[in-house]
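The numbers here are math on the coordinates, done by the rules we state, and not lab data. From a predicted model like this one, the values you see are computed outputs, not experimental measurements. Glycine also receives a Cβ, built like all others from the backbone with ideal geometry; neighbour counts cover every protein chain displayed.
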Amino acid sequence: MPLDTPETTLDAGIVETDCVVIGAGPVGLFAVFELGLVDIKVHVVDILDKVGGQCAELYPEKPIYDIPALPVVTGQELTDRLMEQIKPFGAQFHLGERIDALSREADGRFRVETDAGKVFLAKVVVVAAGGGSFTPKRPPLQGIEAYEGTSVFYAVRKIETFRDRNVLIVGGGDSALDWTLNLQPVAKSVTLLHRRDEFRAAPHTVQQMRDLVEAGKVQLRIGQVTALDGADGALSSVTISTATAPETLPVDRMLPFFGLTMKLGPVANWGLNLEQNLIAVDTAKFETSEPGIFAIGDINTYPGKLKLILSGFHEAALMAQAAHKIVYPGKKLMFQYTTSSSGLQKKLGIHG
Amino acid sequence: MAKITFIQPDGSSQTVDAKSGMTVMEAARLASIPGIEAECGGACACATCHVYVDAGWVAKAGKAAAMEEDMLDFAFDVRPESRLSCQIKVTDALDGLILTVPTKQF
């Protein structure tokens with residue numbers, strides 16, 4: 001197998017590899033396939049805790065009708081099929097991590113760092129980040145930024161942050177309900193606020209919440225946050241609208257759960273030429289303004305660009321040819337078909 | 001065909017011609033109406049095409065279906081007349097529809 005060249009992990013925990021693909025959406029996944037056919041080893045990093053990108057996060061159950069040869073396929077099915085297709089190449093996935101820094105080393109390779117402290121040294125980088133990184137939605141409340149990280153949190157990283165606090169949890173899905181149950185024993189008080197008396201969370205979780213409300217251990221309010229009050233990053237109360245009159249809740253911690261939105265994020269800081277928050281590329285190699293960094297799929301732009309999954313697949317194929325020249329300088333790449341090439345079939349694990 | 005008016009939070013408004021069969025979100029995007037972001041492209045998966053239906057049109061525009069109601073949980077300042085514009089199909093009966101765009105779509 002040409003792909004079993006051992007990868008070096010340096011003492012400092014740095015992973016040396018051929019390529020880092022940023023984004024595990026359909027285009028990032030298919031890039032693993034095209035790169036694998038030309039013997040390029042890949043690590044894939046994605047901020048979500050699962051593969052599939054928007055297909056898995058936004059529309060796992062929704063049908064897609066414009067994937068060639070698949071008259072109809074759901075976002076999740078497409079993801080599952082791609083995972084099956086790229087299995088032979090043994091790409092390593094780093095999920096729930098965001099690439100925070102990307103810079104070039106003196107030897108020409110790229111140093112890629114995740115927010116979890118992982119470091120990769122790669123010969124090429126492929127940005128397949130779609131609409132950008134999924135980040136929690138920030139309720140458009142005046143002055144909310146001042147409380148973020150001190151009183152307002154979009155995830156629970158440390159339970160201790162909420163110990164003996166008056167906590168307001170906003171939302172009606174699994175995150176909101178799970179944290180209502182989990183923080184109740186720790187916090188001084190827990191109030192769950194949702195805009196309607198119906199919850200999307202798992203039914204048994206909803207029942208547990210209702211039992212706690214019944215027992216007087218959790219306060220349930222139906223309404224929406226309209227204003228925050230406090231000083232120096234310390235929240236002291238929030239105003240909510242209810243079916244009757246506005247109310248003020250004395251709370252010093254707030255956890256809003258309004259789902260995720262896509263933001264370009266750290267990509268904007270890597271010195272790549274951008275056009276309207278998209279990465280400008282050429283249409284022969286899909287390379288960015290920085291040689292060795294490629295951008296494919298929804299995140300790139302070029303004359304005539306269409307944000308279609310199938311366009312991203314095409315871009316992945318051409319990108320891989322160009323990446324090969326960087327990873328294997330001087331080595332000639334012969335164009336082959338998977339149908340007839342025994343070499344390619346061997347890579348795919350097909351034994352004739 | 002229906003004429004649809006979008007009122008912005010600052011009071012300004014734009015009226016667009018929408019073809020029957022398309023969604024109100026698509027008509028808004030075609031006319032580049034500010035504030036209709038439609039991040040997910042109309043899959044009822046993001047709540048960034050949230051609009052308020054004018055009081056006189058609530059009955060004709062219809063109520064949000066269960067899935068849309070779930071997705072409205074992700075919108076801000078949701079009111080009884082809130083809808084996701086990607087889930088409103090344009091018909092001749094909606095000729096004259098008036099919608100208000102929220103201050104912010106998150």
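Quick rundown of the values:
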quantity	calculated
Spacing of the two label points (7 Å from each Cα toward its C-beta) at A:ALA245 and A:ASP49, in nm	4.2 nm
Unsatisfied cross-links (Cα-Cα over 29 Å) in the set A:LYS50/B:LYS60; B:LYS3/B:LYS63; B:LYS60/B:LYS104; A:LYS62/A:LYS305; A:LYS62/B:LYS104; A:LYS307/B:LYS19	A:LYS50/B:LYS60
Helix-only [θ]222 nm of chain A, DSSP H runs n ≥ 4, -39500 (n - 2.57) each, per residue, nearest 500	-6500 deg cm²/dmol
Two-decimal ratio, chain A, of alpha-carbon radius of gyration to 2.2 N^0.38 Å	1.17
Residue order, fewest to most beta carbons within 10 Å, for A:PHE286, A:PHE199	A:PHE199, A:PHE286
Number of partner chain Cβ atoms within 10 Å, mean per residue of B:37-45	4
The stretch A:147-165-the stretch A:42-73 distance, computed between alpha-carbon centres (Å)	32 Å
Selected from A:LEU192, A:GLN224, A:VAL238, residue furthest toward positive end of dipole (the stretch A:138-258; charges at beta carbon)	A:LEU192
Order of A:ILE279, A:ILE222, A:ILE326 under a 10 Å beta carbon neighbour criterion, fewest first	A:ILE222, A:ILE326, A:ILE279
FRET efficiency estimate (nearest 0.05) - Cβ-Cβ, A:ARG111 to B:LYS60, R0 56 angstrom	0.45
Reachable aspartates and glutamates, given that their alpha-carbon falls under 17 Å from the alpha-carbon of A:LYS118 and they are not under 8 places away in the same chain	A:GLU7, A:ASP11, A:GLU16, A:ASP18, A:ASP46, A:ASP49, A:GLU97, A:ASP100, A:GLU105
Approximate shape of the stretch A:157-272 as ellipsoid semi-axes (Cα gyration tensor, √5λ), whole Å, largest first	26, 18, 16
Whole-Hz ³J(HN,Hα) from phi, Karplus 6.51 cos²θ - 1.76 cosθ + 1.60, for the stretch A:262-276, glycine and proline x	9, 10, 4, x, x, 3, 5, 9, 9, x, 8, 5, 10, 10, 6
Ranked list, fewest to most other Cβ atoms within 10 Å of each Cβ, for B:HIS50, A:HIS314, A:HIS351, A:HIS43	A:HIS351, A:HIS314, A:HIS43, B:HIS50
Peptide B:68-77, shielding by other chains (average Cβ, 10 Å cutoff)	6
In nm, spacing of pseudo-spin labels at A:GLU198 and A:ASN269 (7 Å Cα→C-beta vector)	4.2 nm
Chain A: angle of helix A:174-183 to the longest principal axis, Cα-based, in degrees nearest 10	60 degrees
Residue with peak Gaussian network fluctuation, chain A [Cα springs, cutoff 10 Å], from A:ASP232, A:ASP298, A:ASP178	A:ASP232
Exercise: per-residue mean of other protein chain Cβ atoms within 10 Å, A:134-144	2
Residues with amide H under 5 Å from that of A:ASP100, placed H, sequence gap 5 or more	A:GLU113, A:THR114, A:ASP115
